[in-house]
Amino acid sequence: MQKWKIALPLLLSMSLSGARAATPTKGADGASTAATGTINLNSASAEQIALLPRVGLKLAERVVAYRKTNGPFKKVEDLMEVKGVGEKLFVVLRPHLTVSGNTTLTQKVKSTGTRSRSRTKAAKAA
């Protein structure tokens, strides 16, 4: 019972600090600096697609190549047909995707990440 009195507040503080890390940051003028907007999968360039979280230029080029080969995306879920885009990544990207309208995303969206930062050297070496 004594261990829980110590461990519970520690666990609560860890979960609360994780929740704060996901909130958007504020600029010098107090405005939110979180990137907002959408990417139209059917008209965006590779450079624009690379603005999405966890998407680099190589994956963005694969999306453009897929679009050239297979025609326009009918729905955003079709993005999972591109090599390198699975369900986990798609869930992160979905809020930023559209297949109609203009591309309005103008800056890189930062990924909040889901990995633990407390990995040991032994775990990294394995």
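Each reported figure results from applying straightforward, stated rules to the coordinates on display, with no laboratory input. From a predicted model like this one, the values you see are computed outputs, not experimental measurements. Positions of Cβ are backbone-derived with ideal geometry, glycine not excepted, and every protein chain shown enters the neighbour counts.
Figure the gain on full extension for Thr106 and Ser43 (residue separation times 0.36 nm, minus the Cα-Cα span) and round it to one decimal in nm.
Net length gain for the segment: 21.2 nm.
Quickly work out the Ala65-to-Lys88 label distance, labels modelled 7 Å from Cα along the C-beta direction, and quote it in nm with one decimal.
Using points 7 Å along Cα→Cβ, the separation is 2.3 nm.
Taking a threshold of 21 Å on the Cα-Cα distance, which of the pairs Lys88/Lys110; Lys58/Lys83; Lys68/Lys108 fall above it?
Numbers: Lys88/Lys110 16 Å; Lys58/Lys83 11 Å; Lys68/Lys108 24 Å.
The pairs that break the limit, which is 21 Å between Cα atoms, are Lys68/Lys108.
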